[in-house]
Amino acid sequence: MQAFAFSTVPLEPERHREALAEPSAGGYASFEGWVRDLNEGRAVHRLEYEAFETLAVKEGERIVAEAIQRFGVARAACVHRVGGLGIGELAVWVGVSAVHRGEAFAACRYIIDEVKHRVPIWKKEHYADGDSGWVNCERCAAAAHDPHEGHDHASEEASPVAVTGTATHMDYSRQTALPEVGESGQARLAAASVLVIGAGGLGVPVLQYLTAAGIGRIGVVDGDLVEASNLHRQPLYGAADLGRPKVAVAAERLRALNPEVQIEAHALHAGPDNVDALVSRYDLVVECTDNFRAKFLVNDAVLRAGKPAVFASVHQYEGQLQVYRPLPHWPCLRCLWPEVPRDGLVGNCAEAGVLGPVPATLGSLQAMQALKRILGLDAGESPSLVMVDLLNLETRRLVARRDPACDHETPGRDRDPGALPLELAFKTLVEAFESGLELVDIRESWERAHDPPGLQIPTHLPLSELVHGHAQFPADGRYLIICAHGVRSLSLTEYLRSQGQSEVYSLRGGLAALRS
Ligand SMILES: [Zn+2]
């Protein structure tokens, strides 16, 4: 099949998809652009596409070849309709097959964005009121000459299974150059959604850096208006914005910063009646309010939802940072602060005073923790409370422990009050490593002899040596005990628990239950 083609008849995605089949390919991503019933406020009831075909095919083939080379994918293709189309019809199809999904997503997005910028295609819209007109011809023609001056000339939107097709000027090369990020990390960021609660001193840097990094969808929650006293520490807003809702201004600025990111503005204060619904719609929560009541409200909501969250607070020249992950041994906010501190006792910015870079520093740390979680770079990070003193330039990292007296529920935890589960289930060894528990392999040496080199568990304490007293299980720390089928590890876990060691778990089903 031709890498780029026009079609005068309805597209058949199934047929195009077959042409991309490839034994080495483990992932396939496609984009479908459909004809929408509205463009720039006018009701559209059908449209026509016309292409300058000789030039367009050449340019289209160049784009597909660039995508294959740039992302190292197996195969890619793009087909565009020309002629008359009705509402809901498939106007453009892009398909990519690749060894891994990350490259498939990235290449797919690259092709649709570049096609919209560079391929000379014109569109005639027929409006509901009987009027019609060629749309954006001048700008489209200009786009054919200058790939950087593109214009979104089609009215199609992403189908539910697809990547959105907004024109873009973003270049993530300075972050994808990091080996831990790469194109697949970028695709993870694009697939992620983050809820930022509070668009003040902490929330502003969080929003700016997460938007710039290319998080796919960001929700902003804040019910306040921009006030003159905000500007010194919230420079996302300007003097001209005074009196406007913060989320409206923030959404405007963030969309201008990165049009690829879907910004969802929630002009309200998080409260008991809305917090669960908000949290449920996002993968991760960054808590950026300046009051403890809201922090504990969010804490309880993320615990119920089993979502990770990043908390921070500031007081004058000091700040604190705490991450919550929905794992049995991770403390929540209430584990560290059994009594909700009264607002005003510690003091918020209004009463205590603050210099802008203090919340900016803590907000940047929150953004970093959020990116690390999404990229899986926080593997092995243990629960902690990080305290930063900007006046003395000192950072302290305290080990945070779960308080047995805190009855916070963890998803998957036994309902038996106070009891931790004996077993934890993980899908892959990598996921088990990322839990922050130390992995201990209790199989015998002969059982380990055939492990693939990439799946060696460094800590090895054969059960036979433990049973015969030749080795001791370490008394301190948090461990995930692993054997072949989860039977020996469960009995050792039960024994250690009976000896008072609370933070040991057995890998449910053992290594046999894991995907490689
Ligand atoms: Zn707790």
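The heavy atoms of Y127 present about 20 square angstrom of accessible area, all protein chains included, probe 1.4 Å.
Take peptides 304-311, 197-204 and line them up by average Cβ neighbours within 10 Å, highest first, as a rough protection proxy.
Working: 304-311: 21.4, 197-204: 28.0.
The densest-packed peptide leads the list: 197-204, 304-311.
Here each label is just a point 7 Å from Cα along the line to Cβ, and for A405 and R293 those points are 2.5 nm apart.
So how do L496, L391 rank on accessible area, 1.4 Å probe, biggest first, that is with the largest at the start? Could you put the intermediate results ahead of the total?
On the way: L496 15, L391 115 Å².
Heavy-atom accessible area, descending, gives L391, L496.
Note on the range 424-469: Kirkwood hydrodynamic radius from all Cα pairs is 11.8 Å, rounded to one decimal. Segment Q472..V9, full-extension length gain: 159.4 nm, with 0.36 nm per residue of separation and the alpha-carbon distance subtracted. In the context of the full set of protein chains, residues of the range 1-80 present 57 Å² of accessible surface per residue (probe radius 1.4 Å, heavy atoms only). Taking the Cα centre of the chain as origin and assigning +1 to Lys and Arg Cβ atoms and -1 to Asp and Glu Cβ atoms, the resulting dipole is close to 560 debye. A simple spin-label model places pseudo-atoms 7 Å from Cα toward Cβ; at E444 and K427 they are separated by 3.5 nm. Computed over the chain, the Cα gyration tensor eigenvalues convert (square root of 5λ each) into semi-axes of 47, 34, 18 Å, ordered from largest to smallest. Separation of the alpha carbons by more than 21 angstrom is noted, of K116/K246; K307/K372; K246/K307, for K116/K246; K246/K307. Heavy-atom accessible area, probed at 1.4 angstrom with all protein chains present, ranks K295, K427 as K427, K295, highest first.
The share of accessible area on the chain that comes from carbon and sulfur is 53 percent, using a 1.4 angstrom probe.
Placing dummy labels 7 Å off each Cα toward the beta-carbon, the span from S280 to Q456 is 4.7 nm. Under a 5 Å amide H cut-off, with hydrogens placed 1.01 Å from N, S384 pairs with V323, A400 among residues at least 5 apart or on other chains.
The values are calculated or read from the model by the stated rules, or taken from the named source; none is laboratory data. Fair warning: this is a prediction, and the values are worked out from it, not measured in the lab. Positions of Cβ are generated from backbone atoms using ideal geometry, with glycine treated the same way; all protein chains shown enter the neighbour counts. Heavy atoms of the whole protein, side chains included, go into the accessibility calculation; ligands, DNA and RNA do not. Shrake-Rupley method; radii C 1.70, N 1.55, O 1.52, S 1.80 Å.
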